[in-house]
1. What does the C-alpha gyration tensor say about the overall shape of region 59-121? Classify as rounded when a/c is under 1.5, otherwise prolate if a/b is larger than b/c, or oblate.
2. Rounded if a/c is under 1.5, else prolate if a/b is larger than b/c, else oblate: which is region 1-51, with a ≥ b ≥ c the root eigenvalues of its Cα gyration tensor?
3. Counting only protein chains, not ligands or nucleic acids, how are Lys62, Lys32 ordered by accessible area (probe 1.4 Å), most first?
4. Tell me whether the chain comes out rounded, prolate or oblate; compute the Cα gyration tensor, take square roots of the eigenvalues as a ≥ b ≥ c, and use a/c under 1.5 as the rounded threshold.
5. Net charge around Ala26, counting only other residues with Cβ within less than 13 Å of its Cβ (Lys, Arg = +1; Asp, Glu = -1)?
Amino acid sequence: MNYTEYRNDEAPALSDLPQCPLETSASLIGSKWRLMILRDLMMNGHMRFGDLRRSVNGISQKVLTANLRDLEDHGIVLRRVYAEVPPHVEYSLTELGQTLKPVIEALWQWGEGYRALAREE
């Protein structure tokens, strides 16, 4: 299959990033939507836009598109466009995006622990 990959492998200028590393991380992955997108791409490897939209409960097409583009611009997500009609586009994590796996897993485990503290109603 013929396809074109869209990714940003260019490192950002240090002067464009916040001085605090935690602020840098939060600005890149700190939104609810981005965490859910990253979760689904980690679990599934690669996904089409419609599949992502269905799996990220409550996200609009506009918000999903904006978040995917931003993650792509920051070198975290790869967009692969296949040369066929109708267009076939898949998203996956770049090598840099894969390095977020331990972070997402730690947040998952923390969330499980917190949920265990919740009382039944």
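The values are calculated or read from the model by the stated rules, or taken from the named source; none is laboratory data. Computed from a predicted model, the values in this text were never measured in an experiment. Positions of Cβ are backbone-derived with ideal geometry, glycine not excepted, and every protein chain shown enters the neighbour counts. To get the accessible areas, we keep the full protein, side chains included, count just its heavy atoms, and leave off ligands, DNA and RNA. Shrake-Rupley method; radii C 1.70, N 1.55, O 1.52, S 1.80 Å.
1. On the way: a/c = 3.06, a/b = 1.97, b/c = 1.55.
Prolate, since a/c reaches 1.5 and a/b exceeds b/c.
2. It is oblate, given that a/c is not under 1.5 and a/b is not larger than b/c.
3. Details: Lys62 165, Lys32 130 Å².
Most to least solvent-accessible, the answer reads Lys62, Lys32.
4. On the way: a/c = 2.15, a/b = 1.27, b/c = 1.68.
Verdict is oblate for the chain.
5. Numbers: positive: Lys32, Arg34; negative: Glu23.
Residues near Ala26 contribute +1 overall.
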